[in-house]
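Written out below as structure tokens is the structure these notes cover.
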Amino acid sequence: KVYDALAGRYGFGRSRLLSREETVEHLPTIETDGLRGGVVYHDGQFDDTRLLVHLLVTAAEQGACVLNYVRVSGLVKNASGFVTGVRAEDLEGGAEFEAAARVVVNATGVFTDAVRRMDDPQARAMIRPSQGVHLVLPRAFHPGDAAIMVPHTDDGRVLFAVPWHEVVVVGTTDTPVDEASLEPRPLEEEVAFLLEHAARYLTRDPTPADVLSVFAGLRPLVSAGDADDDTAALSRDHTLQIAPSGLVTITGGKWTTYRRMAEDTVDHAAVCGELEPRECVTRELRVHGYHAHAERFGRRAYYGTDATEIETLEDADPEMAEPVHPRLPYTRAEVVWAAREEMARTVEDVLARRTRALLLDARAAAEAAPGVAALLADELGRDSDWAERQVNDFRALAEGYLVR
Ligand SMILES: Cc1cc2nc3c(=O)[nH]c(=O)nc-3n(C[C@H](O)[C@H](O)[C@H](O)COP(=O)(O)OP(=O)(O)OC[C@H]3O[C@@H](n4cnc5c(N)ncnc54)[C@H](O)[C@@H]3O)c2cc1C
């Protein structure tokens, strides 16, 4: 009831207590040994990189200049020590350049401290990265629409099994890590915890051979200042910091609050940049692809209205409608779309961040890589050596998503 009250008008439905029998009705594959009942509550789910891509397209439609594969390597300051721009490197061509800015916003997730130290090499660490691991299992382990959420396992952790796309995602862990990295890898202990606990709550016990993919992410949690912080206890709220140099840093937070985080950041940045105050418009602004009934696009609901554009590619050339792999729910048209409209530059971009192939089935994704590389090479004007390197790089990456 407290959950419903907090959700207010944003709630998706009312929570209620379930008897043992009702719980089994909702979750036919739940382990019934020791089961006494449950609580049904409603939550939202989304595809994180799909929303991210659509936010970037929305920003571009609003006049932003969006760059991919460009890394900020330093800050430019004036004689009084104020930040007046960034130095950046084009990671594809190798060129270095400077971009002038009234305000620089540092929104680099777990890399926040690295950018803060470009401003002040002595800056104290703000971020305590916390690793979260997810296992992906075939839907047969947990069919239906309801997720299982165990708020308190016997060792005090949270466990969930959520239907997502065509699979079930089992998560998660909360492991403090010392270093931020672009490709964090799951620890054996994390995989063992998830397998063992999934077995405890599902009728069929998953084995390593059942795992379609395992992936890790780093949460940029804001440290309370104590090196021994238990990251599970750290706040998921966001933190906005304005340095004496004018560098604006936004960090912490969650996807759930991303719009609010952006509003706070832009409002403060506007003051720092001495811009005319203006009302924030994003509360009402529709994200690219918006459709009141996106479910009509079937499995491409995540694309919103772009689903129609992808279909047009398929209608114009039937080869485009062929799947990239028999076990993956993506067609060649989605690869071409990603290259033409969504700045995909590599096989990894397409199979990990424009589609979710690597997360849904890492083996299938590795097998699909040559076909995807050939399509991309065509689109981007690359040669067969490039395509071969792309395949090798992607397959090496995909190895890390398999449980042996
Ligand atoms: C396991 C896990 C579970 C989560 N669960 C939830 C959940 O259930 N609900 C929820 O709301 N949120 C959840 N989150 C949190 C959510 O995903 C975070 O809000 C998000 O990961 C952080 O977003 P960000 O934009 O701050 O950082 P990131 O997504 O890390 O983006 C930072 C970007 O900055 C770029 N960058 C870094 N350094 C530079 C540089 N020098 N130059 C140029 N670019 C640079 C990086 O390449 C990256 O693209 C979860 C996170 C994890 C890891």
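Filter segment 81-97 for residues that are in contact (Cβ under 8 Å) with a residue 12 or more places away in the chain, of a type outside the set (D, E, K, R) and part of a strand (DSSP E or B); which is farthest from the ligand (Cβ to nearest atom)? So, considering only residues that are in contact (Cβ under 8 Å) with a residue 12 or more places away in the chain, of a type outside the set (D, E, K, R) and part of a strand (DSSP E or B), the one farthest from the ligand (Cβ to nearest atom) is Thr84.
Here's the yes/no breakdown for (1) without any contact (Cβ under 8 Å) to a residue 60 or more places away in the chain; (2) in a loop (DSSP other than H, G, I, E, B):
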position	(1), (2)
Asp155	yes, yes
Val170	yes, no
Thr173	yes, yes
Glu179	yes, yes
Glu189	yes, no
Ala198	no, no
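Whether a residue is in contact with a Phe, Trp or Tyr (Cβ under 8 Å, 6 or more places away or on another chain), at pLDDT 95 or above and not acidic (Asp, Glu) was assessed, and Leu91 passes this test. Every condition in (1) of a type in the set (Lys, Arg); (2) touching a helix residue (DSSP H, G or I) at 6+ places or on another chain (Cβ under 6 Å); (3) within 18 Å of Asn106 (Cβ to Cβ) holds for Arg50 except the one numbered (3). Does Asp174 satisfy the condition of being surrounded by fewer than 20 Cβ atoms within 10 Å (Cβ to Cβ) and either more than 13 Å from the ligand (Cβ to nearest atom) or more than 17 Å from the chain's Cα centre (by Cα) (or both)? When the stated conditions are applied, Asp174 does not pass them. Listed by first and then second residue, the pairs with beta-carbon distance under 8 Å, at least 6 apart or on different chains, first residue in segment 380-402 and within 19 Å of Ala216 (Cβ to Cβ) and in contact (Cβ under 8 Å) with a residue 60 or more places away in the chain, second among the small types (Gly, Ala, Ser) and not in a helix (DSSP H, G or I), are Tyr401/Ser213; Leu402/Ser213. Do we find that Gly144 is modelled with pLDDT under 90 and outside any helix (DSSP H, G or I) in this structure? Criteria met by Gly144.
Comparison of Ala292, Ala262 shows that the only residue that is at pLDDT 95 or above and either part of a loop (DSSP other than H, G, I, E, B) or not assigned by TED's automatic domain parsing to the domain that holds Ala107 (or both) is Ala292. The single condition among (1) within 15 Å of the ligand (Cβ to nearest atom); (2) crowded, with 17+ Cβ neighbours inside 10 Å that Asp43 does not meet is (2).
Among the numbered conditions (1) assigned to a strand (DSSP E or B); (2) within 11 Å of the ligand (Cβ to nearest atom); (3) not polar (S, T, N, Q), the only one that Leu51 does not meet is (1). Candidates Asn78, Asn106, Asn68: the one that is among the polar types (S, T, N, Q), surrounded by fewer than 17 Cβ atoms within 10 Å (Cβ to Cβ) and within 14 Å of the ligand (Cβ to nearest atom) is Asn68. Do we have any residue at all in segment 120-128 that's surrounded by fewer than 15 Cβ atoms within 10 Å (Cβ to Cβ), within 13 Å of the ligand (Cβ to nearest atom) and basic (Lys, Arg)? No: zero hits. Report, by residue number, each residue of segment 182-223 that is of a type in the set (Gly, Ala, Ser) and within 11 Å of the ligand (Cβ to nearest atom). Hits for segment 182-223 are Ala216, Gly217.
The values are calculated or read from the model by the stated rules, or taken from the named source; none is laboratory data. Computed from a prediction, not measured in an experiment: that's the story for all the values here. Because the Cβ atoms are built from the backbone with ideal geometry, glycine has one as well, and the counts that use them run over all protein chains shown.
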